[in-house]
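Working notes, beginning with the structure itself.
The values are calculated or read from the model by the stated rules, or taken from the named source; none is laboratory data. Model, not experiment: these values are computed from the prediction. Virtual Cβ from ideal backbone geometry, glycine too; neighbours counted across all protein chains shown.
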């Protein structure tokens, strides 16, 4: 079985700042969310947890799986999508005419990433490699896998696993610390 979860909230989430690869820690609210999720999902079996190397995802995984003796393995392919120069800007997805607004409102039209940003092809390539090389072989062995990551990165996995077109990239509406069962 494959499960996926988005990290707990951060101060930047509260301020509507685009985080991307900027390494922002959990807020106190985010830590409480992870603790509550740990209690809520304590009876769900996981053989292994893979997570993004960014601190907000790692900390979420550690709190969620505290005292459960489940290995937590970071993988660079699970890092959040890079939003380049727009990271750290408040409400950047609402800036009229910006490439980030296109990314969030019409993802199928997002072709050229912002300066130092990442394209969907790049995102799908690295997460697809992770799915094929790590997830699928373990699913064939009936392993229960948890991935703790980020909004865009998690969506790229969900879309690839469920054949969801890029036009509906944001349709999964991944909430912080909510467990999603994929396969």
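State whether the residues of the stretch 10-25 include one that is assigned to a helix (DSSP H, G or I) and modelled with pLDDT under 95.
Scanning the stretch 10-25 turns up at least one residue that is assigned to a helix (DSSP H, G or I) and modelled with pLDDT under 95.
Report yes if residue 63 is buried (at least 16 other Cβ atoms within 10 Å of the Cβ), modelled with pLDDT under 95 and not in a strand (DSSP E or B), otherwise no.
no
Which of the residues spanning the stretch 136-181 are closer than 14 Å to residue 103 by Cα and crowded, with 18+ Cβ neighbours inside 10 Å?
The answer is 151, 152, 153, 155, 156, 169.
Going through the stretch 136-166 one residue at a time, which ones are under 23 Å from residue 43 (Cα atoms) and over 15 Å from the mean Cα position of the chain (by Cα)?
Those that are under 23 Å from residue 43 (Cα atoms) and over 15 Å from the mean Cα position of the chain (by Cα): 138, 139, 140, 141, 142, 143, 144.
Can you tell which of 112, 44, 73 is modelled with pLDDT under 95 and surrounded by fewer than 19 Cβ atoms within 10 Å (Cβ to Cβ)?
112
Taking residue 13 as the residue in question, decide whether it is surrounded by fewer than 16 Cβ atoms within 10 Å (Cβ to Cβ) and either in contact (Cβ under 8 Å) with a residue 60 or more places away in the chain or over 24 Å from residue 126 (Cβ atoms) (or both).
No.
Output the residues belonging to the stretch 77-126 that are touching a helix residue (DSSP H, G or I) at 6+ places or on another chain (Cβ under 8 Å), touching a residue at least 40 places away in the same chain (Cβ under 8 Å), closer than 27 Å to residue 161 by Cα and assigned to a helix (DSSP H, G or I).
Result: 77, 78, 93, 100, 104, 107, 108, 120, 123, 126.
Run residue 57 past the list (1) surrounded by 21 or more Cβ atoms within 10 Å (Cβ to Cβ); (2) out of contact with any strand residue (DSSP E or B) (no Cβ under 7 Å at 6 or more places or on another chain) and report the number of the one that doesn't hold.
(2)
With respect to the numbered conditions (1) more than 30 Å from residue 43 (Cβ to Cβ); (2) at pLDDT 95 or above, which one is the sole condition not fulfilled by residue 133?
If we test residue 133 against (1) more than 30 Å from residue 43 (Cβ to Cβ); (2) at pLDDT 95 or above, just (1) comes out false.
What number of residues in the stretch 135-169 are part of a helix (DSSP H, G or I) and more than 24 Å from residue 29 (Cα to Cα)?
Residues in the stretch 135-169 being part of a helix (DSSP H, G or I) and more than 24 Å from residue 29 (Cα to Cα): 16 in total.
Can you confirm whether the stretch 29-39 contains a residue that is modelled with pLDDT of 95 or more, part of a loop (DSSP other than H, G, I, E, B) and more than 15 Å from residue 154 (Cβ to Cβ)?
No, the stretch 29-39 contains no residue that is modelled with pLDDT of 95 or more, part of a loop (DSSP other than H, G, I, E, B) and more than 15 Å from residue 154 (Cβ to Cβ).
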